[in-house]
Structure formats: C-alpha cells, structure tokens
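Below: the structure, in structure tokens.
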Amino acid sequence: MAAQISPSILSADFARLAEDVAIIADSADWVHVDVMDNHFVPNLTLGLPVVEALLKHSALPLDCHLMIEDPDRWAPQYAEAGAGSVTIHAEAAKAPIRTLRAIRAAGARAGLGVNPATPVDGFEDILGEIDMLLLMTVEPGFGGQKFLDVVLPKIRRARELIKARDLPVWLQVDGGVSAETIERCAEAGADVFVAGSAVYGAEDPAEAIRKLKERAEAATAW
Ligand code: DX5
Ligand code: ZN
C-alpha cells in the first residue's frame, strides 16, 4: 500500500479550521483530528460538535484519534456522525472488542492506539478486529514534541505481527513525524503518517505533505 499522510489539525489555527483543512485537501489523504478530554491526557481540544461541523467542510475523510477516558461510551458516536476512521486507546478502553465492532458497524474504520510504553504483543489476537493500529511516537497530549526512537523496534514488531496474519491492517505512527524521522518509520513498517507541526508549521503545508509522502515511499522496504 502506498504511504498515506494524515495531517493533524492540532497544529492548525482552531479559529480557521475549515480554511486550514481546505489547504491540504489536494495533497493529504486524511485529516487527523485529536480529541483530548483533559483526563486521559493533560490537554483539552475539541469534541463531537466540532467534528460534526468539520465534516461539512472537509473534502477529506476525518481520522479521529480519541485520547479520552471512556471511549466505549463516546467512540461510536464519532463513527455515526460520519468520521472515516475512529481510533480508541487500548489504555482507556474497558471493552475494546465491543467498541471496535460498534465503530465498524457504524461504517467507519476501527483503530486501536497504544502509547509509547504499551507493548503491542498482547494485541495480536485482536488484529482481526481492527483496520488500523496507531503507535504513538510521543507521549500523547501535545503537538511539537520530539520523536521517541525507542518506539522503532515496536513498529517493526507490529508490522511483523500484521504480516504473519496476512491482515489488511494499516500501521499509523503519530508524534514527532517530520522530514527527519519519517524515513525511519516507513523503513520499520509504518504506512500511515500523522504530522502536525511538520505540516502546519511549514511555509507551504501542501508542499510539506508531498515531500513527506515522497520520503516515506522511497523508504518503504517491507
Ligand atoms: C499528540 C497527537 C498528535 C499530534 C502530533 O498527542 O496525537 O496527533 O498532533 O503533532 P506533531 O506532529 O507536531 O508531533
Ligand atoms: Zn493524534
């Protein structure tokens, strides 16, 4: 599968979301929406009403990353609203299989996210329940943090687990992904790349996306 870029609007201008999404419409594959509740992570961003509003203004599908407590209660509503993908965190979900199935039943792709210190090895048996595995490459909560190299072996292992089962599960990396780090992620086995500051902090966000994609594709060896 070709590399996909999912720019995070956490680094966009929250007062101009529709405009900031429009400028990436021709170059990005998804719009990554970071939902934070100030409990699962020490930051508060936006919720369902903003996602619903954004859906009316985005030509690209929304990739909703829920960094919230009790995702079992809230996640299906994002799928029902029309998000293209909804990711819940393994550390927060109490009934992940039920919730992932509810996301799929509502017509969205189901994602499972894990923090940098959470191993993936315990999740191989539920890979069939998901469409995407999100590996955090920074501690979740804020944009603009430094990429954690310590996650690279886990990216490799996750790709092996997916390959061994021959499943069409996408492997997303999120946090500190930039022109300096994207090649290492792609080489290790990632195929969907979230980038916030590397896109919205660039002079020309669309051009930054095209360059990131080029680098990722050139480094995809697996
Ligand atoms: C962090 C969020 C990320 C964040 C990435 O908790 O999940 O999506 O926006 O931002 P950068 O690319 O700047 O690290
Ligand atoms: Zn995110």
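The values are calculated or read from the model by the stated rules, or taken from the named source; none is laboratory data. Only a predicted model underlies this, so the values are computations on that prediction, with no experimental measurement involved. Here Cβ is always computed from backbone atoms with ideal geometry, including for glycine, and neighbour counts include all displayed protein chains. When the accessible area is computed, the model is the full protein with side chains, heavy atoms only, and any ligands, DNA or RNA have been set aside. Shrake-Rupley method; radii C 1.70, N 1.55, O 1.52, S 1.80 Å.
Among the listed residues Ala106, Ala102, Ala93, which satisfies the condition of being open to solvent by 10 Å² or more (accessible area, probe 1.4 Å), of a type in the set (Gly, Ala, Ser) and within 12 Å of Leu66 (Cα to Cα)?
That would be Ala93, the only listed residue that is open to solvent by 10 Å² or more (accessible area, probe 1.4 Å), of a type in the set (Gly, Ala, Ser) and within 12 Å of Leu66 (Cα to Cα).
For the residues Ala117, Ala218, the requirement of being outside any helix (DSSP H, G or I), open to solvent by 10 Å² or more (accessible area, probe 1.4 Å) and away from ligand 2 (no atom under 16 Å from the Cβ) singles out Ala117. Residues that are closer than 18 Å to Val194 by Cβ and within 16 Å of ligand 2 (Cβ to nearest atom) are absent from the stretch 158-166. Of the residues making up the stretch 181-209, just one is aliphatic (A, V, I, L, M), open to solvent by 10 Å² or more (accessible area, probe 1.4 Å) and within 9 Å of ligand 1 (Cβ to nearest atom), namely Ala198. So for the stretch 81-89 (the condition being touching a residue at least 40 places away in the same chain (Cβ under 8 Å), assigned to a helix (DSSP H, G or I) and within 28 Å of Ala117 (Cα to Cα)), does at least one residue qualify? Looking through the stretch 81-89, none of the residues is touching a residue at least 40 places away in the same chain (Cβ under 8 Å), assigned to a helix (DSSP H, G or I) and within 28 Å of Ala117 (Cα to Cα).
Residues are listed down the side, and each one gets a yes or a no for (1) of a type in the set (Val, Ile, Thr); (2) crowded, with 21+ Cβ neighbours inside 10 Å; (3) assigned to a loop (DSSP other than H, G, I, E, B):
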residue: Ala15; (1), (2), (3): no, no, no
residue: Asp20; (1), (2), (3): no, no, no
residue: Val33; (1), (2), (3): yes, yes, no
residue: Arg73; (1), (2), (3): no, no, no
residue: Ile97; (1), (2), (3): yes, no, no
residue: Ala110; (1), (2), (3): no, yes, no
residue: Gly113; (1), (2), (3): no, yes, no
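Here is a check on your reading of the model: is Asp166 more than 10 Å from ligand 1 (Cβ to nearest atom) and farther than 19 Å from Asp63 by Cβ?
Judged against the criteria, Asp166 is a match.
Within the stretch 171-180, identify whether any single residue is at pLDDT 95 or above, part of a loop (DSSP other than H, G, I, E, B), surrounded by fewer than 22 Cβ atoms within 10 Å (Cβ to Cβ) and of a type in the set (Ser, Thr, Tyr), and answer yes or no. So far as the stretch 171-180 goes, yes, one or more of its residues are at pLDDT 95 or above, part of a loop (DSSP other than H, G, I, E, B), surrounded by fewer than 22 Cβ atoms within 10 Å (Cβ to Cβ) and of a type in the set (Ser, Thr, Tyr).
Restricting attention to the stretch 126-158, the residues that are more than 13 Å from ligand 1 (Cβ to nearest atom) and either open to solvent by less than 70 Å² (accessible area, probe 1.4 Å) or not basic (Lys, Arg) (or both) total 15.
Of everything in the stretch 77-90 that is open to solvent by 10 Å² or more (accessible area, probe 1.4 Å) and of a type outside the set (A, V, I, L, M), the residue that is nearest to Val31 (Cα to Cα) is Gly84.
Residue-by-condition table, conditions (1) within 13 Å of ligand 1 (Cβ to nearest atom); (2) closer than 17 Å to Asp70 by Cβ:
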site	(1), (2)
Ala2	no, no
Pro7	yes, no
Ala12	yes, no
Arg16	no, no
Ser27	no, no
His32	yes, no
Val35	yes, yes
His57	no, no
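Does Glu69 fit the bill of being surrounded by fewer than 19 Cβ atoms within 10 Å (Cβ to Cβ) and away from ligand 1 (no atom under 16 Å from the Cβ)? Spelling it out, it is not the case that Glu69 is surrounded by fewer than 19 Cβ atoms within 10 Å (Cβ to Cβ) and away from ligand 1 (no atom under 16 Å from the Cβ).
Scanning the stretch 44-66 for residues that are of a type in the set (Val, Ile, Thr) and either open to solvent by 10 Å² or more (accessible area, probe 1.4 Å) or at pLDDT below 95 (or both) turns up Thr45, Val50.
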